[in-house]
Amino acid sequence: MGETSVRSGRIDPRGTSCERRHPSTSTHLRVSMEKTFRPADCDVFLADCPARRVLGLLAEKWALLVIHALAEGERRPGALRRRIGGISEKMLVQTLRRLEQHGLVSRASFAEVPPRVEYALTPLGWSLSSVVTALDRWVEDHALDMDALAEGGKT
């Protein structure tokens, strides 16, 4: 038998709705738990949830590297390419457009000759940058050990 969504009252027999179902709670309990429990409208484990698409965007290595580079300060495209070794101009432009479309990066055009464009993190992008930077640091700290393990060696 399917579950009833608390938010919409719909029956979802497959469990694939993006709305997370929460047990009924009293108003008193909801108020007292406000600081520690925040009901979510999305669940990355549900196939058709928008959170899965955002997770897919953030799983791209170039997106993570662009966010990390912009956490160091706003940059022009050429400076981003120099900071992010191995990224092509085409891939950089595509990544910046996707991040801008999802509200993580802003683009500022200046009416100058020659034209100048700068990219920066939005407040939403800043809220993600510390997580991305921490992930990058973890990768840097453990990459050699993981490579050795993958090659059959011991650490």
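Values quoted throughout were computed directly from the atomic coordinates according to the rules given, and no laboratory measurement underlies them. Bear in mind that the values here come from a model prediction, so they are computed numbers and not experimental data. Here the Cβ is made from the backbone with ideal geometry for all residues, glycine too, and neighbour counts use every protein chain on show.
Please give, to one decimal in nm, the separation of the simple spin-label points placed at HIS142 and ARG53, each 7 Å out from Cα toward the Cβ.
Taking the simple label geometry, HIS142 and ARG53 are separated by 3.1 nm.
Per residue of segment 100-116, in order, report the coupling 6.51 cos²θ - 1.76 cosθ + 1.60 (Karplus, θ = phi - 60°) as ³J(HN,Hα) in whole Hz, putting x for Gly and Pro.
5, 4, 8, x, 8, 10, 10, 10, 10, 9, 10, 7, 10, 10, x, x, 10
Any chance you could run the full-extension gain for VAL44 through PHE110? It's 0.36 nm times the residue separation minus the Cα-Cα distance, nm to one decimal.
Computed gain between VAL44 and PHE110 is 19.9 nm.
Can you give the charge dipole size of segment 100-155 about its Cα centre, rounded to the nearest 20 debye, using +1 on the beta carbon of Lys and Arg and -1 on the beta carbon of Asp and Glu?
Result for segment 100-155 is approximately 220 debye, rounded to the nearest 20.
Only residues of segment 130-146 count here: report those whose backbone N is under 19 Å from the spot 7 Å along Cα→Cβ of HIS102, or say none.
Answer for segment 130-146: 130-137.
For segment 33-155, rounded, prolate or oblate, judged on the Cα gyration tensor with a ≥ b ≥ c (square roots of eigenvalues), a/c < 1.5 rounded, else prolate if a/b > b/c?
oblate
Can you give the net charge of the other residues whose Cβ lies under 12 Å from the Cβ of MET91, counting K and R as +1 and D and E as -1?
Combined, the nearby Lys, Arg, Asp and Glu give +3.
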